[in-house]
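The values are calculated or read from the model by the stated rules, or taken from the named source; none is laboratory data. Keep in mind the model is a prediction, meaning the values are calculated, not measured. Here the Cβ positions follow ideal geometry from the backbone for every residue, glycine too, while neighbour counts run over all protein chains shown.
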Amino acid sequence: MKTILTLIVSILILVNISIAQSWNLVGSAAFSEGEAFSQCIALDGETPYVAYLDRANGDKATVMKFNGSSWEVVGVVGFSEGKVNSVNIAISSGIPYVAYSDAANEDKATVMKFNGSNWVNVGQAGFSSGRATGVSLAMNKDIPFIAF
């Protein structure tokens, strides 16, 4: 009985080992210019985009995407008007959108999108009635929805 139990446990361990997945690095590690905070990720098909508070660029928002071989900046680094907190990213119809707590507007919510060459506001910057913390962003038919 002890031998059968040992055999069953051994088979289960071998099956788990053969099924186990491992993590793989996408591009190079530490691809930002400096420290990155409040990172979030979104996918456009198989293309990952990362948005973050960019310490090397005045705590402003930066978005990067993986082009298949390396990470590249989307637009320019530190594109937000002021410091950001609680940054989030979503992709709709191939267009990246970011939402964040905007220090340039009393920490109210701001949403921006990349128009192919520049980051532009979606509606008014700092549109919320109060401070926006813990910002989440979702898209539905090219319409951004934000929660905070």
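One residue is enough: does region 6-26 have a residue meeting the conditions under 17 Å from Val77 (Cβ atoms), at pLDDT 80 or above and outside any helix (DSSP H, G or I)? Within region 6-26, not a single residue is under 17 Å from Val77 (Cβ atoms), at pLDDT 80 or above and outside any helix (DSSP H, G or I).
Please specify each residue of region 123-148 satisfying the condition of being of a type outside the set (D, E, K, R), outside any strand (DSSP E or B) and surrounded by fewer than 17 Cβ atoms within 10 Å (Cβ to Cβ). If the condition is that a residue be of a type outside the set (D, E, K, R), outside any strand (DSSP E or B) and surrounded by fewer than 17 Cβ atoms within 10 Å (Cβ to Cβ), then Gly123, Gln124, Phe127, Ser129, Gly130, Thr133, Gly134 are the ones that fit. Being without any contact (Cβ under 8 Å) to a residue 40 or more places away in the chain, surrounded by 17 or more Cβ atoms within 10 Å (Cβ to Cβ) and not small (Gly, Ala, Ser) is the filter; apply it to region 60-92 and report the residue that is nearest to Ala104 (Cα to Cα). The qualifying residue nearest to Ala104 (Cα to Cα) is Lys83.
Which of the following residues is farther than 18 Å from Ala36 by Cβ, at pLDDT 95 or above and not small (Gly, Ala, Ser): Asn118, Asn88?
Of the residues listed, the single one that is farther than 18 Å from Ala36 by Cβ, at pLDDT 95 or above and not small (Gly, Ala, Ser) is Asn118.
Does region 45-52 contain at least one residue that is farther than 20 Å from Asn85 by Cα, among the acidic types (Asp, Glu), modelled with pLDDT of 80 or more and out of contact with any helix residue (DSSP H, G or I) (no Cβ under 7 Å at 6 or more places or on another chain)? The answer is yes; a qualifying residue exists.
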